[in-house]
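Peer 1: My questions all concern the structure below.
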């Protein structure tokens, strides 16, 4: 948890620490290894890799956060509502959910991108939409585990309305599970959005995010590994920290 | 079983139908894209639209497509007029080869690492964390650099021969192993305190026998579903792996079709993914019944 907050603070404040304009090209310093002037070296167009990494992190994190919101909000609401309806009634939703779950989330996002066209907003939407169905499934599963608890029964017998029952009595009790799952959604969003950027579907060319940086650095990795190194490590470390936090929350729900 | 099959076919139909309408309700398609870069005259474009049936009412197009799909005809690519079934069929060999090789690696690594991590090996846990956190386009880049450039042991690309398969299947298998290993580790941890393990220990069985016969056997059962899911994902197209290692396959075809908005091809691949999911899940269910006497009915 503490690590995650530090990571978040770092990513948010990093653009302030950018030493150069991340878009400014400089033909005199193409593919230079790290120096005091260019902390992480320069890329093929002479742009400062550190500044691109710093600014790109903010973009990558915003897209991942936006996508997580798009996945979690409808996913939680829909999942809760579905959990309250008898299974027979929702056979159709079950089939629909299964239809979506057949697709790897990256492939799903890729197909949604076909529909929406490219760009940052489409990217966020595509990555987020791809994770609604898994969220619904997790929420429903979590709700099923507390469904038969005594406090729900007593609330029901006191005449609580179905909505109140779900959102006031049930939701807080599955909150730790959901919080842990939100971490999982965030790390998938980060990986998938960076993957789509890596494939060149992130929209505006030249604007840095960690996927774009990796794609740019990959080709030149043999001669100029510093271009991709920062982005590769940054994605891995971020996802690892988020996953670890999700694991901890999931394991010690009463904290 | 029949009910499940029916539901699965329903899933495929629904997925294909959703994609069909979604693709057509939104503006822009490969034909209009050709106007921009192809320099065709409006009359030529209109003629192609009519030839492809794109001028007809949506429902009629849908009926025609569905009828075709049922008889094994998925239409033709908007770009080069090649039948979609042929395009997909051409990619089956490289796709299935890579998927099987990666699954093999994933099973060995996933079971090994998952078992070790579940028994408390910190190093195995770190390896699993890494498999789940590092993006494949990063580990793939590193693997190519290390094995193909620095050590010069293996070729980095190409589908020809077995050596070209080693690197991509190792990298892809490593990440797939992460998902399998994580579930297995959790199961192993949950099984260790079980009564029958305690009994085995009290009988004085060697630790190796306890782990293999008692703990692992029970822990592996629930991973069958994860393995099935990962197998169907591997067959659904591994876009990034195929791109990194310059291999042909479903993933690359899908990426190309998406970029050029070649709808019939995208639809065909959607059906392929549905079919894979259906078959693998049916197989996993059958396997599960075989392995677990409790659900055998």
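Peer 1: Looking at the structure I just gave you, is residue A:208 more than 14 Å from chain B (Cβ to nearest Cβ) and either touching a helix residue (DSSP H, G or I) at 6+ places or on another chain (Cβ under 8 Å) or on the phi > 0 side of the Ramachandran plot (or both)? Steps first, please.
Peer 2: Working: more than 14 Å from chain B (Cβ to nearest Cβ): yes; either touching a helix residue (DSSP H, G or I) at 6+ places or on another chain (Cβ under 8 Å) or on the phi > 0 side of the Ramachandran plot (or both): yes.
Yes, satisfied.
Peer 1: Kindly indicate whether any position in segment A:58-66 is in contact with a helix residue (DSSP H, G or I) (Cβ under 6 Å, 6 or more places away or on another chain) and more than 30 Å from residue B:254 (Cβ to Cβ).
Peer 2: Within segment A:58-66, one or more residues are in contact with a helix residue (DSSP H, G or I) (Cβ under 6 Å, 6 or more places away or on another chain) and more than 30 Å from residue B:254 (Cβ to Cβ).
Peer 1: Among the residues of segment A:218-230, count how many are in a helix (DSSP H, G or I) and within 8 Å of chain B (Cβ to nearest Cβ). Reasoning before the result, please.
Peer 2: To start, the set of residues in segment A:218-230 that are in a helix (DSSP H, G or I) comprises A:218-219, A:226-230.
Retained after the next criterion (residues that are within 8 Å of chain B (Cβ to nearest Cβ)): A:218, A:228.
Of the residues in segment A:218-230, 2 are in a helix (DSSP H, G or I) and within 8 Å of chain B (Cβ to nearest Cβ).
Peer 1: Keeping to segment B:231-268, report how many residues are surrounded by fewer than 23 Cβ atoms within 10 Å (Cβ to Cβ), facing chain A (nearest Cβ under 10 Å) and not in a helix (DSSP H, G or I).
Peer 2: Selection size over segment B:231-268: 1.
Peer 1: Would you confirm, using the coordinates I've provided, whether residue B:87 is within 14 Å of chain A (Cβ to nearest Cβ), under 22 Å from the mean Cα position of the chain (by Cα) and under 18 Å from residue B:255 (Cα atoms)?
Peer 2: no
Peer 1: Oh, and also: Evaluate the following for residue A:198: is it farther than 28 Å from residue A:83 by Cα, surrounded by fewer than 23 Cβ atoms within 10 Å (Cβ to Cβ) and within 11 Å of another protein chain (Cβ to nearest Cβ)? First the steps, then the outcome.
Peer 2: On the way: farther than 28 Å from residue A:83 by Cα: yes; surrounded by fewer than 23 Cβ atoms within 10 Å (Cβ to Cβ): no; within 11 Å of another protein chain (Cβ to nearest Cβ): yes.
No, not satisfied.
Peer 1: Just to check your reading of the model, which residue among B:228, B:190 is farther than 19 Å from residue B:91 by Cα, within 14 Å of chain A (Cβ to nearest Cβ) and surrounded by 17 or more Cβ atoms within 10 Å (Cβ to Cβ)?
Peer 2: After ruling out the rest, the residue left standing is B:228.
To keep it simple, each residue is scored yes or no on (1) under 30 Å from residue A:93 (Cβ atoms); (2) surrounded by 15 or more Cβ atoms within 10 Å (Cβ to Cβ); (3) away from chain A (no Cβ under 14 Å); (4) modelled with pLDDT of 70 or more.
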{"position": "B:4", "(1), (2), (3), (4)": "yes, no, no, no"}
{"position": "B:9", "(1), (2), (3), (4)": "yes, no, no, yes"}
{"position": "B:14", "(1), (2), (3), (4)": "yes, yes, no, yes"}
{"position": "B:20", "(1), (2), (3), (4)": "yes, yes, no, yes"}
{"position": "B:25", "(1), (2), (3), (4)": "yes, no, no, no"}
{"position": "B:32", "(1), (2), (3), (4)": "no, no, no, no"}
{"position": "B:37", "(1), (2), (3), (4)": "no, no, yes, no"}
{"position": "B:44", "(1), (2), (3), (4)": "no, no, yes, yes"}
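Peer 1: Applying the selection to segment A:27-64, what residues are under 16 Å from the mean Cα position of the chain (by Cα) and surrounded by fewer than 17 Cβ atoms within 10 Å (Cβ to Cβ)?
Peer 2: A:62
Peer 1: Yes or no: segment B:167-183 includes at least one residue that is modelled with pLDDT of 90 or more, over 30 Å from residue A:218 (Cα atoms) and assigned to a helix (DSSP H, G or I).
Peer 2: For segment B:167-183, residues modelled with pLDDT of 90 or more, over 30 Å from residue A:218 (Cα atoms) and assigned to a helix (DSSP H, G or I): present.
Peer 1: For segment A:231-255, name all the residues that are over 30 Å from residue A:24 (Cβ atoms), more than 8 Å from chain B (Cβ to nearest Cβ) and assigned to a helix (DSSP H, G or I).
Peer 2: Residues satisfying the conditions are A:241, A:242, A:245, A:246, A:247, A:248, A:249, A:250, A:251.
Peer 1: Moving on. I'm trying to understand the selection: among the residues of segment A:94-141, which are facing another protein chain (nearest Cβ under 8 Å) and not in a helix (DSSP H, G or I)?
Peer 2: Within segment A:94-141, A:102, A:103, A:104, A:117 meet the criteria.
Peer 1: Another question, then. If you go through segment B:119-141 one residue at a time, do you hit one that is more than 10 Å from chain A (Cβ to nearest Cβ), at pLDDT below 90 and in a helix (DSSP H, G or I)?
Peer 2: no
Peer 1: Right, another one. State yes or no: is residue A:91 free of Cβ contacts under 8 Å to residues at least 12 places away in the same chain, surrounded by fewer than 23 Cβ atoms within 10 Å (Cβ to Cβ) and part of a loop (DSSP other than H, G, I, E, B)?
Peer 2: Answer is no for this residue.
The values are calculated or read from the model by the stated rules, or taken from the named source; none is laboratory data. In this text, all values refer to a predicted model and were calculated from it rather than measured experimentally. All Cβ positions, even for glycine, are placed from backbone atoms using ideal geometry, and neighbour counts span all protein chains on display.
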